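Below is one structure, written out as structure tokens, with a few remarks after it.
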Amino acid sequence: MDEYQEANRRKWNELAEVNYGSAASDYNVQSFIESPDGLDGLHRTEREELGSVDGLDVLHLQCHFGKDTIRLKRAGARSATGLDFSPVAIRLARELATATGTEVTFVEGNLYDAPDLIRSSFDLVYITWGTICWLPDIEGWARVVSRFLKPGGRLYFLDQHPVILSFDDLAPAPHAPVYDYFHKPEPISFDGTEAYADESAVLKTKRSYEWTHPVGEVVTALVDAGLAIEYLHEFDTIAWKALAFMEPCEGGLYRLPEGLPRLPLSYSISARKPL
Ligand SMILES: C[S@@+](CC[C@H](N)C(=O)[O-])C[C@H]1O[C@@H](n2cnc3c(N)ncnc32)[C@H](O)[C@@H]1O
């Protein structure tokens, strides 16, 4: 793992503790433990698009502490496996599985090492919200996804639209883009102490690194890895306050304030491995 991903892992170890433990966190772990939900607990976008997971073997990549992995299993998946490179996130994921009485498998490891760590193949690979910006190599990512799909299996991917990565996420008011839309091998470095799911939290680990992957490169990487694209949808909503001046809206989502031009804030891809 390179120095950038090592630094990100340190940040994610701290974020996992905050997201899991803070009473103010949007993840709301305590209420999930008291009454764990299934697909109805997802944000509106994936709730409307995902469809039934009944009887499917599901792989959740970059699963964080596994709340959605557990939801997929509770919604009827035959098996659910989550992978994340943060040892803290994986420890908490196992704790959450025990607390909710859900039988799921969690694997600690870098996404690029996943084929050496998980031998099975899956009907559904599920990847959502805040994922590929942490990955340097989008072609390698697409090959990993494809490797895990059974013939006829499906990728469901939903994440922030790279257009919003062009903006300064902490600027209090609308402004011109400050970062390139297009991918560069060198990541953009950030030194924030804020936590995306808890406005009251102050992190000790400041440094993190992100890479931009234009939509065209993501789609092309999936096609080159042998998948057939079923759809690509763009949305004017996103699951967290990605820019400081965004406003909450229905479905547990955020959007730009009324009166601003509507930009794509998130997008989804459904892609299938041919039979
Ligand atoms: C924003 S979280 C994903 C959140 C998840 N969708 C959820 O709602 O809980 C991003 C996750 O990616 C993981 N991650 C980042 N880079 C990774 C890598 N190279 N390999 C595996 N996991 C990685 C982090 O540890 C973190 O848990």
**Complete:** Dipole check, the chain, charges on Cβ (K,R +1; D,E -1), about Cα centroid: among G21, A225, A197 the Cα furthest to the positive pole belongs to A225
**Asked** Among H183, Y209, L135, which residue has its Cα positioned farthest towards the positive end of the charge dipole of the chain, with +1 placed on the Cβ of Lys and Arg, -1 on the Cβ of Asp and Glu, and the dipole taken about the Cα centre?
**Response** L135
**Message:** Cut-off 13 Å, label point 7 angstrom out along Cα-to-Cβ of W240: give me the residues of the range 1-28 whose amide nitrogen falls inside.
**Reply:** 11-20, 25-28
**Item:** Spacing of the two label points (7 Å from each Cα toward its C-beta) at R10 and N110, in nm
**Value:** 1.7
**Complete:** Computed about the Cα centre, the charge dipole of the chain from +1 Lys/Arg and -1 Asp/Glu charges at the Cβ has a magnitude in debye, to the nearest 20, of 660
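Among all stretches of the chain without exposed trypsin sites (Lys or Arg not before Pro) (DSSP loop, at most 15 other Cβ atoms within 10 Å), which one is longest? Don't skip to the end; give the middle numbers.
On the way: sites that count: R78, R119, K204, K206, R262.
With trypsin sites (Lys or Arg not before Pro) excluded where exposed in loops, the chain gives 120-203 as its longest stretch.
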**Message:** Using a 10 Å cut-off around each Cβ, can you sort F32, F190, F122 from fewest to most neighbouring Cβ atoms?
**Reply:** F190, F32, F122
**Request:** Translational diffusion coefficient, Stokes-Einstein: compute it for the chain using the Kirkwood radius over C-alpha pairs as Rh, at 10 °C and 1.306 mPa s, and state it as an integer in µm² s⁻¹.
**Result:** 84
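No value in this document is a laboratory result; all are computed from the given coordinates. This structure is a prediction, so every number in the text was calculated from the model and none was measured. Note that each Cβ is placed from the backbone with ideal geometry, even for glycine, and that neighbours are counted across all protein chains shown.
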